[in-house]
């Protein structure tokens, strides 16, 4: 029994196959949960992140989420939402969100691939690098609001502060 052209293209062009190759080349251990789902844990400067890739074939969309390793107590949710709104205004790519069921902040982005035959290695590398850079940039601010009782304004100013040169 032969596959239809659409089924063949779908099977050949699942971007998770390409993502697996890139993760393996970086020697990052990952888990392929299913044909359409992949997880990888990455150690960042501030915390461990879980990268979650989900391919939706019927939509030709790759959904990408970076989960933070920090729980948000209920009283801190409102200031966290305010901080995320401010942070999202500074992002060019993706957005920060809060996952109610798990009680954790995350970074999300979705990439449409309708009409494309494959995702380039550069696209995948950019997706991961930009996401991790933004998570690393804003994690200290999230932590300041969640754990250190800082105001949203104070935490946001810290996230935007950039040092020049080296000490």
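A few remarks follow.
- Residue count, the range 98-115 (criterion: more than 10 Å from the chain's Cα centre (by Cα) and not in a loop (DSSP other than H, G, I, E, B)): 6
- Within the range 72-93, the only residue that satisfies the criterion of being surrounded by fewer than 15 Cβ atoms within 10 Å (Cβ to Cβ), assigned to a loop (DSSP other than H, G, I, E, B) and touching a residue at least 60 places away in the same chain (Cβ under 8 Å) is 73.
- First in the range 5-34 and at negative phi and at pLDDT below 90, second anywhere and surrounded by 14 or more Cβ atoms within 10 Å (Cβ to Cβ) and assigned to a loop (DSSP other than H, G, I, E, B), Cβ under 6 Å, 6 or more apart: 10/57; 13/118; 15/119; 18/119
- For the range 36-67, filtered to residues that are in a loop (DSSP other than H, G, I, E, B) and either touching a strand residue (DSSP E or B) at 6+ places or on another chain (Cβ under 8 Å) or touching a residue at least 40 places away in the same chain (Cβ under 8 Å) (or both), the residue that is nearest to residue 103 (Cα to Cα) is 47.
- Test set (1) in contact with a helix residue (DSSP H, G or I) (Cβ under 7 Å, 6 or more places away or on another chain); (2) free of Cβ contacts under 8 Å to residues at least 60 places away in the same chain; (3) closer than 23 Å to residue 50 by Cβ - residue 126 fails condition number: (1)
- Tally, over the range 109-123, of residues that are touching a helix residue (DSSP H, G or I) at 6+ places or on another chain (Cβ under 9 Å) and either closer than 15 Å to residue 68 by Cα or at pLDDT 90 or above (or both): 1
- Residues in the range 152-167 that are under 25 Å from the mean Cα position of the chain (by Cα) and in a loop (DSSP other than H, G, I, E, B) were compared, and the one that is modelled with the highest pLDDT is 161.
The values are calculated or read from the model by the stated rules, or taken from the named source; none is laboratory data. Since we're looking at a predicted model, the values are computed, not measured. Methodologically, a virtual Cβ is constructed for each residue, glycine included, from the backbone with ideal geometry; neighbour enumeration extends over all protein chains shown.
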